[in-house]
Structures are given as C-alpha cells and as structure tokens.
Amino acid sequence: MTNPNARPYVDPVEAHNWQLYDVTGRSGPITAQRWDMLQRQGPAEQVVDGSSYVFAPRRPKGQRLGTAYNRASKIITPCLRIRDSESDDYSALRLRFSKQYAAFSRLAMHGPRIRLYTPEALGLPLLDVVELDAKTGPAVFARDFDIITIEELTQQ
C-alpha cells in the first residue's frame, strides 16, 4: 500500500542531496554487491508501507553508490533535530548520544508508524531510535530532517 504522504519523506532527503534506497527484507551491513544492486535499482520515488530504506548521498557522476556512502558516512549523517524530547511529535524516542539530534541510517514504514533507526547488526554502541505517527510524521520529518557532521553530533 502506498502512503499518500510518501513524498514528504523523499523530498526533504533529496533537498539535502541524499536519497532513499529500498532495502526491504535485507538486514545487517550492506555489502559492495548489494550497493551495486541498489545503484542499478535506483533511488526510491516514494515511501511504501511495509518497506525499509537506507539513506545514501547522491553520488557524484562516475562514483559507485557504495563508495559515496562509505566516504560520506565517515563525516556526515542523516538526523532529526529534536526540538523537545517530551513532545507529542514522537511516538517513541530513544536518544543515546545527543539530546538535540537523533542520528540514523534507515527509515521503515509499518502501518501507523515511521521508524528512523540504525540497525543493531552494524555493531554501533550508541543507537538512536525515533518513531513518528504516520499522520503527523510527514510534517515533523519535513521540518526537522537534516544532514549534520559527525563533529556536530559529538559536540553535544
């Protein structure tokens, strides 16, 4: 089922020169072969209920998607700016590293919830999780989505 509010997730990401790639049914780290498959598949045009997506930078012409992701992820990360952790904007909120930002690498839509997270399979010790209600989530995501440097994240 396609969410009629799907572009509010894709458009803010693309406005930051990043894209979403469908990784539904795949868990754990993305191998070089899977990055190549995602590159051939192309970025998602919309967010679909029951699907999961990885955030990746728009790659420079001639550069492989996996290379662009690996280079970018060492210095910048997708995030949601947290205005008020007690706000009703969030169905669930777990901040492990910063009180101002929730950093993540994936977006999943499952029924009434949008989940922003980093898979635990990647072995990262500090994992943020944000869940947004499907009704208010598009506006919150469009308003607060950003790409920040790892330095900004760690200075909190």
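The values are calculated or read from the model by the stated rules, or taken from the named source; none is laboratory data. Treat the numbers as computed from the prediction; the structure is a model and nothing was measured. Cβ placement follows ideal geometry from the backbone for every residue including glycine, while neighbour counts extend to all protein chains displayed. Surface areas here come from the heavy atoms of the whole protein model, side chains and all, with no ligands, DNA or RNA. Shrake-Rupley method; radii C 1.70, N 1.55, O 1.52, S 1.80 Å.
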**OP:** Write out, first by first residue and then by second, each pair whose Cβ atoms fall under 7 Å of each other, whose residues are 6+ apart or on separate chains, and whose first residue, in segment 45-67, is more than 21 Å from Glu120 (Cα to Cα) and open to solvent by 10 Å² or more (accessible area, probe 1.4 Å) while the second is acidic (Asp, Glu) and in a helix (DSSP H, G or I).
**Re:** Arg64/Asp36
Original post:
For Leu95, which of the numbered conditions (1) within 21 Å of Asp11 (Cα to Cα); (2) of a type outside the set (S, T, N, Q); (3) over 14 Å from the mean Cα position of the chain (by Cα); (4) open to solvent by less than 60 Å² (accessible area, probe 1.4 Å) fails to hold?
Top reply: (1)
Original post:
Given the residues Leu20, Leu38, which is the only one that is in a strand (DSSP E or B) and open to solvent by less than 20 Å² (accessible area, probe 1.4 Å)?
Top reply: Leu20
Original post:
Quick one: which of Ile114, Ile82, Ile76, Ile30 is open to solvent by less than 40 Å² (accessible area, probe 1.4 Å) and within 14 Å of the chain's Cα centre (by Cα)?
Top reply: Ile114
**OP:** Consider Gln33 carefully, then state whether it is of a type in the set (S, T, N, Q) and in a loop (DSSP other than H, G, I, E, B).
**Re:** no
